[in-house]
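Comments concern the structure below.
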Amino acid sequence: MKNYILLLIFMSFTGISLAQVYEIGISVGGANYVGDIGRTTYIYPNKVAGAAFFKYNKNPRMALRATYSYLPISANDLDADTDFRRDRGLSFNNTINELAVGLEFNFYEYDLSSPGKTWTPYILLELAAFNYKYIASEPQPDQYEYNSKNSFSVPFGVGFKSKLAGSFAFALETKFRYTFEDDLDYNNEKIAKLNFGGTGNDWYMFTGFSLIYTFGRPACYTNGL
């Protein structure tokens, strides 16, 4: 009986190990921001951005995911859709470095080795930590001291992925980040000329194309991959 139980445990462990399928990939696209300066269009990528990610496919419907993103952001009041902002004429540039972890849920079962299951739309639910610059002080008129700050955002997104060839796939994805900060655009209540008067927190977004490589094979996969 003892040997039988040990055999069952070994077989279960082996099945779990073999069932692990991994993905690595890179994303290239554009980032944009919505806040107190410039446009208020949520999907309007205007700065080249990129990301690298790793995924563990727990099953054909869900993956655990970790992503590093490099996201320059900028905005200009001259591009805004209100007269007030266009007349004000403010602009800014900043750079966000982000680490995100979360879940990717597939609408359909996704399995590159199974015909009819090689594409699916999906949604993303993540938690992200990010770093960016902010204006700490104005020692002299129009001369600012910058510091960096770490904060958190709540990212969510949508995408579509499909097999490309062999173990390669591609994805199209848009991710939205709601932050708990109001100074990505250097808004500063202590400096009169930088006090924009906004009450809402800033958002930043990424829209891009991903190239994905899949490796590891579940026990039920065929050898034709």
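The values are calculated or read from the model by the stated rules, or taken from the named source; none is laboratory data. As the structure is a computational prediction, the values presented were derived from the model and not from experiment. As a convention, Cβ positions derive from the backbone with ideal geometry for all residues, glycine included, and neighbour counts pool all protein chains shown. SASA here: full protein model, heavy atoms, side chains in, ligands and nucleic acids out. Shrake-Rupley method; radii C 1.70, N 1.55, O 1.52, S 1.80 Å.
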Q. So which residues in the range 117-142 are among the β-branched types (V, I, T) and more than 24 Å from I73 (Cβ to Cβ)?
A. T118, T120
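Yes or no, residue by residue, for (1) open to solvent by less than 20 Å² (accessible area, probe 1.4 Å); (2) under 28 Å from I212 (Cα atoms):
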site	(1), (2)
N46	no, yes
A100	yes, yes
K117	no, yes
A136	no, no
Q.
Among (1) of a type outside the set (A, V, I, L, M); (2) in a strand (DSSP E or B); (3) open to solvent by 90 Å² or more (accessible area, probe 1.4 Å), there is one condition Y108 misses while meeting the rest; what is its number?
A. (2)
Q) Which of the residues belonging to the range 180-200 are loosely packed, with under 15 Cβ neighbours inside 10 Å, of a type outside the set (D, E) and in a loop (DSSP other than H, G, I, E, B)? A) F180, K190, I191, N195, G197, G198, T199, G200
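A quick yes/no check of all residues on (1) farther than 18 Å from Y178 by Cα; (2) not charged (D, E, K, R):
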{"site": "R65", "(1), (2)": "yes, no"}
{"site": "Y68", "(1), (2)": "no, yes"}
{"site": "S74", "(1), (2)": "no, yes"}
{"site": "D81", "(1), (2)": "yes, no"}
{"site": "R85", "(1), (2)": "yes, no"}
{"site": "G89", "(1), (2)": "yes, yes"}
{"site": "N94", "(1), (2)": "no, yes"}
{"site": "S113", "(1), (2)": "yes, yes"}
Q. For the range 53-69, how many residues are closer than 16 Å to V28 by Cβ and either open to solvent by less than 50 Å² (accessible area, probe 1.4 Å) or not in a strand (DSSP E or B) (or both)?
A. 3
Q.
Please count how many residues of the range 118-143 are at pLDDT 95 or above and of a type in the set (S, T, Y).
A. 4
Q: Please indicate, with yes or no, whether at least one residue in the range 70-83 is without any contact (Cβ under 8 Å) to a residue 60 or more places away in the chain, touching a Leu at 6+ places or on another chain (Cβ under 7 Å) and open to solvent by 90 Å² or more (accessible area, probe 1.4 Å).
A: no
